[in-house]
Amino acid sequence: MSDALISNAKNRGVCVIVGHGIEAMTTAVVLASLGQSVHLYADASMLEQQLQQYSFERHLQALWQMYEQQKHIIRQALPSSADKLLQVYEAAQSDNHEPRSVASLYWLFLDSIKTAWSEDSWITAFNHSHQQTRPVILSGIEQLGCISALAQRLQRAWVYYVPFVFLQDGDAYSSMLNPSLWLLGEKTPESSQHLEMLQPLMQHAHAIHHTDIATVEFARSSIMAMLATRVSFMNEMSRLADSQQIDIKQVSKIMGLDARVGSSYLQAGWGFGGKTLPTELVKLQQSSQEHSLDMPLLHSVIHINKDQKELIFRKFWQYFDGFIDNKTVIIWGGSYKAGSGRTAGSAIHPLLALLWSYNIRTLVYSDKAQAELAELYQQQALLELLDSPYEHLNDAQAIFIISWSPQDRLDIAKLNEQAMPIFDAQNALTRSQIDSLLGEYMGIGRAK
């Protein structure tokens, strides 16, 4: 452990964060914004990869750089064991008989530490530490009951679980600073007063609930599964809407007017991707299998979502009556949702695979996800990344829309110069834009 870190931390309470994901990065920046001194431990290469991958989170990136320069955030390589980390913050005295440093709390992101430390080893280390009164916060997505079991194995009273149900990709900092829902799982009931430095986050939450950890785990999983179910339901309804010549987007708007339904996650499209929802469903499946429970609704949600990602290709195939070999198409967007730079679970991956199987040249414009696509498909000769969405329009026979930000105005006049068919997997176009098109338009549950 570096002498500079020990010197900087001497006689000061610090928040020790262990993790390299967006949740850990956001937590570090938010705590620094609240005036805390933050020491973040992570695998150096994985943290750097995350910093690059989330470059579209410009506000978060700017604050991260500023707090690093000001030494409010100090990042260190993750030590080989939890014992080595705890020695820095819990050794009684340094060589000159002064306290080395004091940890105000430990915030452990389970997905980051499981690859570096065995569960038994880090729990043993924390159980043998000298500072049993320091709170430990756990975060992550695990099978139901796993985090509660970890908390019980930790021989200290102040153990908590904070699921990041509030985090919004593209606006991570603001969504944590003003969370829509703050869930707090407590090992010891009614003990949130021991998390004094987190009180501003709790006070600014639109809703807050604290209870035992097992219940919060179940609530987290149920919330995410419900959101996934709403998406898959609307996607299933979109197929019926196609057969009835009904605009599913208008139906979604009407449904949202009913207070019993609400408007969230009612947009039909190619499905859901990213990290959180798919991970949650996998963990939920594992939990049900472990208890020998059949969950047909969950299976249907997963199946519909997987199949939906290929639906826009089938519309393309049908439009050209199967004569699609050796064509050239333009694809707008590659991220799993507009505003993000990540492509995990995005429909662009199955779409590209299907198009390439027919030797179709793919010209892709994906503003924020351009770098990730370049890295993933650097050897693919049929892929060309564009600097502008309207580049090479003359060369293409169709346009696909995977993710398009509503803030980016579409140039309908340029599209009408070519009048080629548009396959809108996101339902990004408005009805007035669709009516203004000279070419054909095929969306998800809506057509021209």
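The values are calculated or read from the model by the stated rules, or taken from the named source; none is laboratory data. Owing to the predicted nature of the structure, the values given are computational and were not obtained by experimental measurement. Reconstructed Cβ throughout: ideal geometry from the backbone, glycine too, with neighbour counts over all protein chains shown. The area values use the complete protein model at the heavy-atom level, side chains included, leaving out ligands, DNA and RNA. Shrake-Rupley method; radii C 1.70, N 1.55, O 1.52, S 1.80 Å.
Restricting region 243-297 to residues that are under 19 Å from the mean Cα position of the chain (by Cα) and among the hydroxyl-bearing types (S, T, Y), which is nearest to Q143 (Cα to Cα)? Applying the filter and picking the extreme gives T279. Of all residues in region 65-91, those that are in contact (Cβ under 8 Å) with a residue 60 or more places away in the chain and farther than 18 Å from V29 by Cα total 7. For region 99-108, the criterion of being at pLDDT 95 or above, buried (at least 18 other Cβ atoms within 10 Å of the Cβ) and not hydroxyl-bearing (S, T, Y) is satisfied by at least one residue. Given the criterion out of contact with any strand residue (DSSP E or B) (no Cβ under 8 Å at 6 or more places or on another chain) and either open to solvent by less than 10 Å² (accessible area, probe 1.4 Å) or touching a residue at least 24 places away in the same chain (Cβ under 8 Å) (or both), identify the matching residue among L311, L293. From the options L311, L293, the qualifying one is L311.
Which ones in region 119-130 are open to solvent by 60 Å² or more (accessible area, probe 1.4 Å) and over 25 Å from the mean Cα position of the chain (by Cα)? Matches in region 119-130: D120, T124, H128, H130. Here the helices (runs of 4 or more DSSP H) wholly within region 197-272 that include at least 2 residues being under 30 Å from F423 (Cα atoms) and free of Cβ contacts under 8 Å to residues at least 12 places away in the same chain are 213-244, 248-256.
Residue-wise test of (1) under 15 Å from G269 (Cα atoms); (2) of a type in the set (A, V, I, L, M, F, W, C).
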position	(1), (2)
R342	no, no
A347	yes, yes
I360	no, yes
E372	no, no
N394	no, no
K414	no, no
F423	yes, yes
R431	no, no
M442	yes, yes
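Taking the numbered list (1) crowded, with 20+ Cβ neighbours inside 10 Å; (2) in contact with a Phe, Trp or Tyr (Cβ under 7 Å, 6 or more places away or on another chain); (3) farther than 29 Å from F218 by Cα in turn, D325 passes all entries but (1). If the condition is being touching a residue at least 40 places away in the same chain (Cβ under 8 Å) and either over 15 Å from the mean Cα position of the chain (by Cα) or farther than 22 Å from L376 by Cβ (or both), then region 53-64 contributes H59, L60, L63. Within region 145-177, restricting attention to residues that are outside any helix (DSSP H, G or I), among the small types (G, A, S) and farther than 22 Å from S104 by Cβ, the residue that is modelled with the lowest pLDDT is G170. The strands (runs of 3 or more DSSP E) falling completely within region 353-448 that include 2 or more residues that are surrounded by fewer than 19 Cβ atoms within 10 Å (Cβ to Cβ) map to 383-385.
Taking the criterion of being modelled with pLDDT of 95 or more, in contact with a Leu (Cβ under 8 Å, 6 or more places away or on another chain) and open to solvent by 10 Å² or more (accessible area, probe 1.4 Å), the only residue of region 178-204 that qualifies is K187.
Looking at this structure, is E142 among the charged types (D, E, K, R) and modelled with pLDDT of 95 or more? The answer is yes for E142.
Residues of region 310-344 that are polar (S, T, N, Q) and either assigned to a helix (DSSP H, G or I) or in contact with a His (Cβ under 6 Å, 6 or more places away or on another chain) (or both): Q318 alone.
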